[in-house]
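Colleague: This is the structure, below, for whatever I ask next.
The values are calculated or read from the model by the stated rules, or taken from the named source; none is laboratory data. Note that the coordinates shown come from a computational prediction; the quantities given were computed from them, not determined experimentally. Here the Cβ positions follow ideal geometry from the backbone for every residue, glycine too, while neighbour counts run over all protein chains shown. Remember, those area values only see protein heavy atoms, side chains included, never the ligands or the DNA or RNA. Shrake-Rupley method; radii C 1.70, N 1.55, O 1.52, S 1.80 Å.
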Amino acid sequence: MCGIVGYVGERNAAPILMKGLQKLEYRGYDSAGIAVHDGKKVNIYKAKGRLKVLEERHPSDKISGTLGIGHTRWATHGEPSELNSHPHVSGKIAVVHNGIIENYQRLKLWLEEKGYHFVSETDTEVAAHLVNHFYEGNLLQALQRAIALLEGSFALGVLSSDVPDTLVAVRKSSPLIVGIGQNENFIASDIPAILEHTRNVYLLDDGDMVVLKKNRIRMYNSLGERIEKPVFNVTWDADMAEKGGYAHFMVKEINETPKVLHDTLNPRIDKDGRFSLSEISKFSAMANTLKRLFIVGCGTAYNAAMLGKYYIEKMARIPVEVEYASEFRYRKPLIGKGDACIVISQSGETADTLAAMREAQRCGAMVVAITNVVGSSVSREADEVFYTWAGPEIAVASTKAYSAQLMALYIIGTELAFRVGGIDEDYYRELLTALTAIPKQAQTVLDNVARIQQLAAERFNAKNVFYIGRGMDCPLSMESALKLKEICYTHAEAFAAGELKHGPLALLENGSLVVALMTQESLLDKTISNMIECRTRNAYLVGIAMEGNIRAVETADDCILIPRTVECFAPMLAAIAAQLFAYYISTHKGVDVDKPRNLAKSVTVE
Ligand code: F6R
């Protein structure tokens, strides 16, 4: 996720671009840049780090020119650096981009053969060179021809040094709006970037292109036909709009899950419809010789690791040890040559996780990072990196990043299992097909939110909540309880359902809330017996189960249903339901959802 903004008008563009980018910093903040046309040429200003570094280095009030584009970056291809930051330039052309160009490697080879020289590691640079390649004096035509070759998602803003009064832009699977001003017009990834200047916008659809001059806006569809659109009048306040109309970042991020799952999965499926683990080729080459696999992380990342253990051991029959990074680092773990260690960290900066990773490397193990932040410490120090493409996660409670971590583990686990002969070709295909359907099914969970809202409204006062589950539902119950603790301040515990009668059952009393995760249908009879034990102690039972699970519906007092998938992937869908349940309880309790007390997003101290 990145933020882009563009301006053409009569005022100085640079301060407007900078202010706009400030409002988009939530979309990424590892580097920033602007391109401003001063009437004769395009000047480029870039800096690594947050926007304020760019402003300090190149004060915007000292930059003249009334046409410009700007970008705040969340690195995907290429680490955060001045060279990789946007705008990217090719000949007369300057480009800002939000999205991922999936076929950039092929295009890069093609462009290199034509003599284009690449200076950055980004996918975006191919877009700059392509527009330049096709440019014969008509920017719109050049952009049209360029995007015909691009696969993936992109919102692009484009300038040319020989056109001092025009900005062109396109939207495909990445957001872009047009702001309508008086003798000035704007583009932006999100409405808050331009809200200070206008409340009238056009909402572009996929494939739409736009040509902006200070007093003219022309829009075209993907076929190049002129189109008109209704003016959308923005009535929300800026704060609300930054959250895309959602009340909190957390619920916005949960709602991004289908896209995040798609973005994490799709680039890992090759043209033959198989998983490609090219990013972690050394690790995957170890599949058949791997003695032991360790997975370490903290908090939510640890809970994802536990689910990964269940899956990998079941499918690949490789022994997996999961440890809290804070324990692993001091425990002199029995890890060494021939072993591998996967470290999971959304931020890539968690102190304990970094230390654990260094310990694993010191002992001679191969380290793979599953992380969300390109250029983070974990990504730089790991031997290989498998990115989760979840975009910036702002809310303290991790949601979409957890889902992406699960997807990453399922991809890696399935491919490992096939390579070691744990599963055959048919089952591999079945699993891959099931995973491909998950992003859409995640959307169905979100679409059925009303049931979860109602349940949260009825149960938010519960003093003690117990999450129970068997098999892969067991680690999911840990993550579900963690969500409730951190954003609802509700006492919540997770238990392997079979463990209840070995002690925890004593905690149950009249009105205790028990949430039974019931996606593992091969263990359903056992879980139901445990639920009945809870009912006998007057607990209120909520189930989360796959649709069609009639016995779950009959056993629980209330049941949240998720779409049907193969049993081992169902926790990925149930997790979304559990996150929403915690979110709505939190809002009923009036907790500061995005910034719960005593917690921080990135724990860079021990
Ligand atoms: C819980 C949560 C934390 C983090 C943990 C590790 O919602 O966000 O438990 O999962 O602090 O953080 P990362 O993944 O950044 O290493």
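Colleague: Please report the carbon-and-sulfur percent of the accessible area for region 322-395; probe 1.4 Å, protein heavy atoms only, DNA, RNA and ligands left out. All intermediate terms of the calculation are to be shown ahead of the outcome.
Modeller: On the way: 1190 of 2410 Å².
Exposed carbon and sulfur together represent 49 percent of the surface.
Colleague: Using 0.36 nm per residue, how much length does the chain from Leu223 to Glu493 gain when fully extended, once their Cα-Cα distance is taken away?
Modeller: Numbers: separation 270, 0.36 × 270 = 97.20 nm, distance 5.56 nm.
Here the answer is 91.6 nm.
Colleague: Going by average Cβ neighbours within 10 Å, how do the peptides 195-204, 268-277 rank, with the highest at the top? Can you show the working numbers first?
Modeller: On the way: 195-204: 18.1, 268-277: 14.1.
With the highest mean Cβ count within 10 Å placed first, the list reads 195-204, 268-277.
Colleague: How many Å² of accessible area per residue for region 171-217, probe 1.4 Å? Mind showing how you got there, number by number?
Modeller: Values: 1660 Å² over 47 residues.
Averaged over the residues of region 171-217, the accessible area is 35 Å².
Colleague: While we're on this one: For the peptides 587-598, 95-106, what is the packing order when you average, over each peptide's residues, the other Cβ atoms within 10 Å and list the highest mean first?
Modeller: Most protected by this proxy first, the peptides run 95-106, 587-598.
Colleague: So how do 43-53, 563-573 stack up, highest first, on mean other-Cβ count within 10 Å? Write down the numbers at each step before the final one.
Modeller: Values: 43-53: 17.8, 563-573: 21.7.
Descending mean neighbour count gives 563-573, 43-53.
Colleague: Roughly speaking, to the nearest percent, how much of region 508-583's 1.4 Å accessible area is carbon and sulfur? Please list the in-between numbers first.
Modeller: Numbers: 1180 of 2440 Å².
Exposed carbon and sulfur together represent 48 percent of the surface.
Colleague: Lysine pairs in region 228-366 with alpha-carbon atoms under 28 Å apart, 8 or more places apart or on different chains: how many are there?
Modeller: 23
Colleague: Okay, next question. With the other protein chains left in place, how much accessible area per residue, in square angstrom, belongs to region 455-501 at a 1.4 angstrom probe?
Modeller: Ligands and nucleic acids excluded, the figure is 32 Å² per residue.
Colleague: Can you give me the angle between helix 449-459 and the longest principal axis of the chain, using Cα atoms only, in degrees from 0 to 90, rounded to the nearest 10?
Modeller: 50
Colleague: Would you please name the GluC sites (Glu not before Pro) within region 411-442 that are DSSP coil residues with at most 12 other C-beta atoms within 10 Å of their C-beta? Intermediate results must be reported in sequence, preceding the final value.
Modeller: Working: sites: Glu415, Glu425, Glu430; in loops: none.
Passing both the DSSP loop test and the Cβ count: no residue.
Colleague: With a cap of 11 neighbouring Cβ atoms within 10 Å, and only residues DSSP puts in a loop, list the trypsin sites (Lys or Arg not before Pro) found in region 327-368.
Modeller: Details: sites: Arg329, Arg331, Lys337, Arg358, Arg362; in loops: Arg329, Arg331, Lys337.
Passing both the DSSP loop test and the Cβ count: Lys337.
Colleague: Another one. Of all accessible surface on region 151-212 at a 1.4 Å probe, what whole percent is carbon and sulfur?
Modeller: On the way: 710 of 1720 Å².
So the carbon and sulfur contribution to the accessible surface is 41 percent.
Colleague: When only C-alpha pairs under 8 Å and at least 6 residues apart count, what is the relative contact order of region 449-606, in percent? Display every interim value, and only then the final one.
Modeller: Values: 279 pairs, mean separation 43.7, N = 158.
Rounded, it is 28 percent for region 449-606.
Colleague: Relative to the compact globular guide of 2.2 N^0.38 Å, what is the alpha carbon radius of gyration of the chain, as a ratio?
Modeller: Details: Rg = 25.3 Å, N = 606, 2.2 N^0.38 = 25.1 Å.
Ratio of Cα Rg to 2.2 N^0.38 Å: 1.01.
Colleague: If you don't mind, another one. Nearest 10 degrees is fine. How inclined is helix 299-316 to the longest principal axis of the chain, computing both from alpha carbons?
Modeller: Value to nearest ten degrees: 70.
Colleague: Determine the dipole magnitude for region 26-70: charges of +1 sit on the beta-carbon of Lys and Arg, -1 on that of Asp and Glu, nothing else is charged, the reference point is the Cα centre, and the result goes in debye to the nearest 20.
Modeller: On the way: 9 positive and 5 negative charges, 25 e Å.
Roughly 120 debye for region 26-70.
Colleague: So for the chain: antiparallel DSSP bridges make up what percent, rounded to the nearest 5? Each step should come with its number before you reach the end.
Modeller: Numbers: 63 of 102 bridges.
Roughly 60 percent of the beta bridges in the chain run antiparallel, per DSSP.
Colleague: Mind checking the per residue accessible area of region 1-137 for me, 1.4 Å probe, whole number of Å²?
Modeller: Numbers: 5390 Å² over 137 residues.
Here the per-residue accessible area is 39 Å².
Colleague: Once you keep just the Cα pairs under 8 angstrom separated by 6 or more residues, what percentage relative contact order results for region 292-355? Before the final figure, lay out the partial values.
Modeller: Values: 87 pairs, mean separation 30.8, N = 64.
The normalised contact order for region 292-355 reaches 48 percent.
Colleague: DSSP loop (so not H, G, I, E, B), at most 14 other Cβ within 10 Å: list which GluC sites (Glu not before Pro) in region 224-329 pass both filters.
Modeller: Details: sites: Glu225, Glu228, Glu242, Glu253, Glu256, Glu279, Glu313, Glu321, Glu323, Glu327; in loops: Glu225, Glu228, Glu256.
Answer in residue order: Glu225, Glu228.
Colleague: Additional query: Using alpha carbons only, how many degrees (0 to 90, rounded to 10) separate the axis of helix 425-447 from the longest principal axis of the chain?
Modeller: So the inclination is approximately 80 degrees.
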